[in-house]
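Read through the structure below, which is laid out as structure tokens, and then see the notes.
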């Protein structure tokens, strides 16, 4: 795990001054076994398809998301995350690290998971002004997931 001391001076300075939002989380309870669940995947690696626009490069971050079909060839995904503190090496080598589609396909084949949702949601991390994300785009992604019948979601933050 990286430490704040590993970051560059400008990043360390920013992080020391940043006013973090404190959230109160409620634990979720599954109402059926995982082997009967539809699993949705959510990542903050800013993956996008070559045909989709990349995430906007702005100081406050881009609160939008991209839909990634879970039958995609992972090698076609592009990484739109541009934070200087984010090392792309691992996920460029194996996108499953940030969007574990292949691993979940294996879990479905083994009967551990009921099914993998047909689409995943890709957000960009490093959003310093999260208001639009919290109020607009994240609730829209959640509405889509509910509409798809997603029972449980795995978030892979980067």
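The values are calculated or read from the model by the stated rules, or taken from the named source; none is laboratory data. On a predicted model such as this, the values are computed, not experimentally measured, just so you know. Counting neighbours? That spans all protein chains shown, and the Cβs are built from the backbone with ideal geometry, glycine included.
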Q) What number of residues in region 103-130 are closer than 18 Å to residue 68 by Cβ and under 17 Å from the mean Cα position of the chain (by Cα)? A) 12
Q | Residue under evaluation residue 11, criteria (1) in contact with a strand residue (DSSP E or B) (Cβ under 9 Å, 6 or more places away or on another chain); (2) within 16 Å of residue 81 (Cβ to Cβ), criterion not met | A | (1)
Q. Where residues in region 40-60 are more than 10 Å from residue 77 (Cα to Cα) and touching a helix residue (DSSP H, G or I) at 6+ places or on another chain (Cβ under 8 Å), which of them is surrounded by the fewest Cβ atoms within 10 Å (Cβ to Cβ)?
A. 42
Q: Consider residue 71 carefully, then state whether it is at pLDDT 95 or above and either surrounded by 12 or more Cβ atoms within 10 Å (Cβ to Cβ) or part of a helix (DSSP H, G or I) (or both).
A: no
(Q) Being farther than 11 Å from residue 122 by Cα and either touching a strand residue (DSSP E or B) at 6+ places or on another chain (Cβ under 7 Å) or in contact (Cβ under 8 Å) with a residue 12 or more places away in the chain (or both) is the filter here; which residues of region 55-76 pass it? (A) 57, 59, 60, 61, 62, 70, 71, 72, 74, 75, 76
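Going through region 106-132 one residue at a time, which ones are under 30 Å from residue 53 (Cβ atoms) and out of contact with any helix residue (DSSP H, G or I) (no Cβ under 8 Å at 6 or more places or on another chain)?
Within region 106-132, the first condition is being under 30 Å from residue 53 (Cβ atoms), and the residues that meet it are 115-132.
Listed by number, the residues that qualify are 122, 124, 125, 126, 128, 129, 130, 131, 132.
Across region 106-130, what is the number of residues that are farther than 28 Å from residue 36 by Cα and free of Cβ contacts under 8 Å to residues at least 60 places away in the same chain?
First, pick out the residues of region 106-130 that are farther than 28 Å from residue 36 by Cα: 124-130.
After this cut, where a residue has to be free of Cβ contacts under 8 Å to residues at least 60 places away in the same chain as well, the list is none.
Residues flagged as farther than 28 Å from residue 36 by Cα and free of Cβ contacts under 8 Å to residues at least 60 places away in the same chain within region 106-130 amount to 0.
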Q.
Restricting to region 124-151, name every residue that is modelled with pLDDT of 95 or more and buried (at least 16 other Cβ atoms within 10 Å of the Cβ).
A. 137, 138, 141, 144, 145, 150, 151
Q: List the number of the failed condition for residue 29; all other conditions in (1) without any contact (Cβ under 8 Å) to a residue 24 or more places away in the chain; (2) more than 22 Å from residue 147 (Cβ to Cβ) hold.
A: (2)
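Take the residues in region 138-157 that are more than 13 Å from the chain's Cα centre (by Cα) and assigned to a helix (DSSP H, G or I); name whichever of them is farthest from residue 43 (Cα to Cα). Steps first, please.
Going through region 138-157, the residues more than 13 Å from the chain's Cα centre (by Cα) turn out to be 139-140, 143-152.
Okay, now just the ones that are also assigned to a helix (DSSP H, G or I), so 139-140, 143-148.
Numbers: 139: 15, 140: 15, 143: 17, 144: 15, 145: 14, 146: 17, 147: 19, 148: 17 Å.
If we take residues in region 138-157 being more than 13 Å from the chain's Cα centre (by Cα) and assigned to a helix (DSSP H, G or I), then 147 is farthest from residue 43 (Cα to Cα).
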Q: Provide a single number: the residues in region 3-26 that are part of a loop (DSSP other than H, G, I, E, B) and either within 19 Å of the chain's Cα centre (by Cα) or in contact (Cβ under 8 Å) with a residue 40 or more places away in the chain (or both).
A: 6
Q: Could you list all residues from region 81-118 that are modelled with pLDDT under 95, assigned to a loop (DSSP other than H, G, I, E, B), surrounded by fewer than 18 Cβ atoms within 10 Å (Cβ to Cβ) and in contact with a strand residue (DSSP E or B) (Cβ under 8 Å, 6 or more places away or on another chain)?
A: 88
